[in-house]
Each structure stands twice: as C-alpha cells, then as structure tokens.
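As structure tokens, the structure follows; a few thoughts come after it.
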Amino acid sequence: INENSILFYNSNQLIMHILIVDDHNIVREGIKGMLLKQPTIVTVDEVGSGEDALKFCKKSKPDIVLMDQNMDGINGIETTKRLKQYHPNIKIIVLTQHSDVLFANQFIQAGAKGFLTKGGSIDEIMMAIKKVISGSMYINPDVAQEMALSKFNGMDRSEERRVGKECR
C-alpha cells in the first residue's frame with residue numbers, strides 16, 4: 001500500500017489513488033466518474049495503453065490499478081507482469097469484457113489480485129477494491145465458479161487415475 005496516498009479517517013474509511021488502464025476513453029471516463037462519487041476515492045488517473053501505464057507508474061504509485069486486457073501495444077496480461085516486476089507491491093484488479101477462465105488464470109499468474117467483468121456494478125468494483133487493498137483476492141463470483149468447475153472438468157485420465165489411487 002502506498003503510504004503517501006492512503007489516509008485513514010473516520011476509523012475505517014480509506015482515501016485511495018486509482019489508475020484506470022483501458023484503451024476506450026468513454027469507458028475510462030465512465031468508471032472515473034463513478035469512482036469519484038465514492039467517499040473513499042480521492043484521486044483517479046487514467047491512461048489508454050499498457051505502455052502509458054508503465055510510464056505513469058514510474059513517477060506515481062497508485063494504490064490500485066484497474067486493468068483492461070485488450071489494448072493496442074502491450075496487452076493487459078503483459079502490462080500486469082511488467083508492473084509487478086518493477087513494483088511488486090502494486091495491487092492490480094482486472095476489469096475486462098472477457099469472462100473466460102483462461103484470461104482469469106493468466107492474469108492471476110501474472111500477479112493480479114482481482115478479476116472483474118465489465119458487466120458488473122460500481123458496488124462490485126468497490127467491493128473488489130476494498131478486498132484487494134486489505135490483502136485479499138477478489139474474483140467475480142461467476143468467473144470463480146467457472147474456475148472451480150474447470151479444475152474438475154479439465155482433469156485428464158492420468159490425473160483421474162492418480163487422484164483415484166490416492167483416495168483408495
């Protein structure tokens with residue numbers, strides 16, 4: 001957590017600095033507008049590419065990065081990997097149109113602490129921010145269920161035999 005930008009007040013509320021990384025200006029502006037109405041958000045910056053996110057984070061340290069996947073240039077997964085490499089403590093929440101388990105797994109392996117779909121609400125975004133800033137992970141419930149089911153459905157025969165032997 002960036003100690004310079006998070007201030008505690010009223011015993012349990014946070015003031016945070018958020019960076020939105022999305023290639024669609026209208027999406028950035030809409031999310032920014034909703035976030036700035038929240039009492040716990042004081043600063044929201046926005047950039048339109050992975051390259052710009054890397055440059056921004058060299059000079060400023062946001063508490064949370066809301067990251068899209070599909071962007072020109074460096075995509076969201078690669079941007080997440082690079083941000084985590086240079087700033088290991090940065091908290092990244094994916095906000096994407098993709099609900100595919102493959103994307104969620106790739107982002108989590110890259111270091112993301114949250115995964116949301118753009119079909120969600122501002123309440124879900126705020127819930128994810130609060131969970132991630134406190135050190136937990138947050139995954140959209142539908143995506144989390146698909147991830148759990150894919151672990152069972154994706155077992156190949158050798159894995160089934162190994163698990164079967166262990167259960168005997």
Next item on the list: Kindly indicate whether M34 is out of contact with any strand residue (DSSP E or B) (no Cβ under 6 Å at 6 or more places or on another chain), more than 23 Å from A148 (Cβ to Cβ), surrounded by fewer than 19 Cβ atoms within 10 Å (Cβ to Cβ) and among the hydrophobic types (A, V, I, L, M, F, W, C).
Entry: yes
Next item on the list: Please identify the pairs in which a residue from the stretch 113-142 that is part of a helix (DSSP H, G or I) has its Cβ atom under 6 Å from the Cβ atom of a residue that is open to solvent by less than 20 Å² (accessible area, probe 1.4 Å), counting only partners at least 6 apart or on another chain.
Entry: A128/I93; A128/G114; A128/L116; I129/I64; V132/I93; V132/G114
Item checked: Filter result (closer than 18 Å to S150 by Cβ and aliphatic (A, V, I, L, M)) within the stretch 89-109 -> V94, V101, L102, A104, I108
Next item on the list: Identify the residue in the stretch 107-123 that is open to solvent by 70 Å² or more (accessible area, probe 1.4 Å) and out of contact with any Ser or Thr (no Cβ under 9 Å at 6 or more places or on another chain) and, among all such residues, is farthest from N140 (Cα to Cα).
Entry: Q109
Margin query: Return the residues of the stretch 56-105 that are out of contact with any strand residue (DSSP E or B) (no Cβ under 8 Å at 6 or more places or on another chain), open to solvent by less than 70 Å² (accessible area, probe 1.4 Å) and over 23 Å from I41 (Cα atoms); say none if nothing qualifies.
Written below: G73, I74, N75, I77, E78, V101, N105
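The values are calculated or read from the model by the stated rules, or taken from the named source; none is laboratory data. All values reported here derive from a predicted model rather than from experimental measurement. Heads up, the Cβs are rebuilt from the backbone with ideal geometry, glycines too, and the neighbour counts pull from every protein chain shown. The area values use the complete protein model at the heavy-atom level, side chains included, leaving out ligands, DNA and RNA. Shrake-Rupley method; radii C 1.70, N 1.55, O 1.52, S 1.80 Å.
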